[in-house]
Amino acid sequence: MKWNETMKWNSVKKASVIFLLIPGSMLAQSIRATVVNGQSGMPVADVYVRVLNSSLATITDQDGKFEMDSLPSHAKLLLTAVGYQSVEQTITGTTSRIEMVTSPIYLNNNITVTAKRFETNQNDISEGVTIVNSQELQQTIPRSTPEALIGSAGVWVQKTNHGGGSPVIRGLVGNQILLMVDGIRMNNATYRYGPNQYLATIDPGLIERIELIRGNGSVLYGSDAIGGVVQVISRTPHFRSDENNFHGRITGKWMSGAMEKSGRAEGQWNGERIAALAGFSIRDFGNIVGGGSLGTLDPTGYNEFAGDGKILFKTGTTGVLTAAWQHHQQNNVPRYDQVEQGGYSLYAFDPQIRQLGYLRWETFTDNNLINTIRLTAGLNRSAERLRSMKAASSDLKYQEDIVNTFNGTAEFHSSLNDSWQAQSGVEWFYDIVDSKAKVINTATQAETGVRGSYADQASSRSIALFSTHTFDLRKFNLSAGARFNAVSLSVNDPTFGNQKIQPYAVVGNLGVGYAVLPHVRIFMNSSTGFRAPNVDDVSKFGTVESTVFEIPSADLSPERSRSFEGGFKVNAKSFSAALTAYRTRLIDLIERI
């Protein structure tokens, strides 16, 4: 049973937002330039050239040349290449040569999207951010996505089972950490308290980079982000202006003791107006084998397969339409702890499925009020089937929980002047839960229908309006933002009674940074956050652990938080470091008793 001291917040029955868009003229400009090594003057091939805050990108040819047409006057390019420092280049009519400096040591000069919802250098923000970039992923070839975070600053990975893995950020875990893929929430109405397996349902082979906000991200991303945000950004194909190109790659991994046999194949097409990438992965993990005479953990092995595709279309002169699909399925994933200590002879997720599909359209204008528009519509589907049997029992229980999440987001980026950037938008999410269960007596084959983990057809709706602003004032960098979020949760439960709660929250943040020296910045940040009760909080019925049994809980109010952090960042030519101190106060925490 879950308990909460305070009364529920005032309900909000309706919320409507009207935007009036007045696009500016589309002042197009072109760039034709050569990228060269700043020391030798030799051309640099295969440099990835992308317009900041967009999917418009190309790559340099063997002579270091590239060209891009129909760009707005305020466009800024980001150039990246292996072995070189990243370069940001503002386009001018005279730009014809861009120099890049070699960088054999990789320092913290990453670009982050998650921290501000638009691309910003991680050294210029007043939040603690951790980034696992593509170079690190290629070097480590992680077995799973949670394991890609092991050893990263500010995050600890807890693994209850071999097929899971949950990030712990500033002492918070589970549904108090928001997981995202390509800007779309993974957290749904049944995401559980405590460590869980959901991050492991992302194929590590499709990842371009992983970004973590260490601390409250509710202003930007809403409920569940009181401890932090983990965003996985998938690899994206790019356009070419010189000639169409197709290439592919195959990767494989093998471990002795049958602990891992995995592989991935993918192909990429790069054309002038169409770019596409598709991949398929398959993995077979055996039981964990200890060194020496430690023995084997049985059962811990499982298998999985995944497929993904992303295709980009140029629309008009400055627009890009992206269509993407991801499918990941894990089969027969055991919970070793439940079999070893929980009193079960069988406890396995079979299967655990995550599916994500979305359409995203983005375009530029030359109106400073709204110079980038991004519209996203998607479907996130989670299917979880649990097979369990108590020791010395003949009853095999099947529990199946399917959650379909429909989402829509409209974002608008503004460059109001040279020092004032803003990101505003509206978000909508709708979750519907399909929960069923049955018990089969393996001795008699008699089948009995029972209540599922949750009330069948429970639903949750969320609508939010947000706006964040950043001001660069010489040595000072200021940031401020606010969000209004209304949630409506409906549970029709013939066994325990119907529930409907409608909490809302208004949260904000304020941050300041100051460049003490050219490479040294101090910062402070204060924010408030919330986590709205979900279907798992109010409708869960059944055994969670060997000593914990949950029953539905009524009239819960949101968890809230108040956070403060401060510190400094150093990013010199050959040295990089950061130190952060923080304090988070949790209010109205939903707890088990």
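The values are calculated or read from the model by the stated rules, or taken from the named source; none is laboratory data. The shown structure was predicted, so the numbers you read here are calculated from the model rather than taken from an experiment. FYI the Cβ positions are ideal-geometry reconstructions off the backbone, even for glycines, and counts take in every protein chain you see. These area figures cover heavy atoms from the full protein model, side chains too; ligands, DNA and RNA do not enter into them. Shrake-Rupley method; radii C 1.70, N 1.55, O 1.52, S 1.80 Å.
Do we find a residue being farther than 30 Å from Ser70 by Cβ, within 28 Å of the chain's Cα centre (by Cα) and buried (at least 18 other Cβ atoms within 10 Å of the Cβ) anywhere in region 355-371?
Yes, the conditions are met somewhere in region 355-371.
Mind checking which pairs have a first residue in region 395-411 that is over 15 Å from Arg381 (Cα atoms) and acidic (Asp, Glu) and a second that is assigned to a strand (DSSP E or B) and open to solvent by 20 Å² or more (accessible area, probe 1.4 Å), Cβ under 7 Å, 6 or more apart or different chains?
Once the first residue is over 15 Å from Arg381 (Cα atoms) and acidic (Asp, Glu) and sits in region 395-411, its partners that are assigned to a strand (DSSP E or B) and open to solvent by 20 Å² or more (accessible area, probe 1.4 Å) give Asp395/Met389; Asp395/Val439; Asp395/Asn441; Glu411/Arg374.
Quick one: count up the residues across region 414-451 that are among the polar types (S, T, N, Q) and in contact with a helix residue (DSSP H, G or I) (Cβ under 9 Å, 6 or more places away or on another chain).
2
Residues in region 380-393: is at least one out of contact with any Phe, Trp or Tyr (no Cβ under 9 Å at 6 or more places or on another chain), open to solvent by 50 Å² or more (accessible area, probe 1.4 Å) and under 27 Å from Ala458 (Cβ atoms)?
yes
Yes or no: Ala505 out of contact with any Pro (no Cβ under 8 Å at 6 or more places or on another chain) and either part of a strand (DSSP E or B) or modelled with pLDDT under 90 (or both)?
No; evaluated as a whole, the condition is false for this residue.
Which condition does Thr448 not pass, out of (1) open to solvent by 50 Å² or more (accessible area, probe 1.4 Å); (2) assigned to a loop (DSSP other than H, G, I, E, B); (3) of a type in the set (Ser, Thr, Tyr), if it passes all the others?
All conditions are met except number (2).
Here's a check for you: in region 341-375, which residue that is in a loop (DSSP other than H, G, I, E, B) and among the aliphatic types (A, V, I, L, M) is farthest from Ile274 (Cα to Cα)?
Across region 341-375, the extreme among qualifying residues is Leu369.
Taking Pro518 and the conditions (1) open to solvent by 40 Å² or more (accessible area, probe 1.4 Å); (2) modelled with pLDDT of 95 or more, which numbered condition does it fall short on, given that it satisfies the others?
(2)
Given the conditions (1) at pLDDT below 95; (2) out of contact with any Gly (no Cβ under 6 Å at 6 or more places or on another chain), which single one is not true for Ile432?
So the condition that Ile432 fails would be (1).
Sort out for me the strands (runs of 3 or more DSSP E) sitting completely within region 517-581 that have 3 or more residues that are without any contact (Cβ under 8 Å) to a residue 60 or more places away in the chain and within 26 Å of the chain's Cα centre (by Cα).
The strands (runs of 3 or more DSSP E) meeting that bar are 559-571.
For the structure I just gave you, tell me whether Thr251 is open to solvent by less than 30 Å² (accessible area, probe 1.4 Å), on the phi < 0 side of the Ramachandran plot and touching a residue at least 24 places away in the same chain (Cβ under 8 Å).
So Thr251 does not fit the description; no.
Quick one: in region 132-152, of everything that is open to solvent by 20 Å² or more (accessible area, probe 1.4 Å) and in contact with a Leu (Cβ under 9 Å, 6 or more places away or on another chain), which residue is farthest from Gly194 (Cα to Cα)?
Pro142
Within region 517-533, can one find any residue that is within 30 Å of Glu427 (Cα to Cα) and either out of contact with any strand residue (DSSP E or B) (no Cβ under 9 Å at 6 or more places or on another chain) or among the β-branched types (Val, Ile, Thr) (or both)?
Yes - at least one qualifying residue is present in region 517-533.
Rundown of residues vs (1) hydroxyl-bearing (Ser, Thr, Tyr); (2) in contact with a Gly (Cβ under 8 Å, 6 or more places away or on another chain); (3) open to solvent by less than 50 Å² (accessible area, probe 1.4 Å); (4) over 26 Å from Ile373 (Cβ atoms), yes/no style:
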residue: Gly257; (1), (2), (3), (4): no, yes, no, yes
residue: Ala275; (1), (2), (3), (4): no, no, yes, no
residue: Thr296; (1), (2), (3), (4): yes, yes, no, yes
residue: Gly301; (1), (2), (3), (4): no, yes, yes, yes
residue: Gly307; (1), (2), (3), (4): no, yes, yes, yes
residue: Thr318; (1), (2), (3), (4): yes, no, yes, no
residue: Thr322; (1), (2), (3), (4): yes, no, yes, no
residue: Gln326; (1), (2), (3), (4): no, yes, yes, no
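For Met42, only one of the following conditions fails: (1) over 27 Å from Lys116 (Cα atoms); (2) crowded, with 16+ Cβ neighbours inside 10 Å. What is its number?
(2)
Just the residues that are in contact with a Leu (Cβ under 9 Å, 6 or more places away or on another chain) and of a type in the set (S, T, N, Q), please, taken from region 183-217.
Within region 183-217, just Asn187 meets the criteria.
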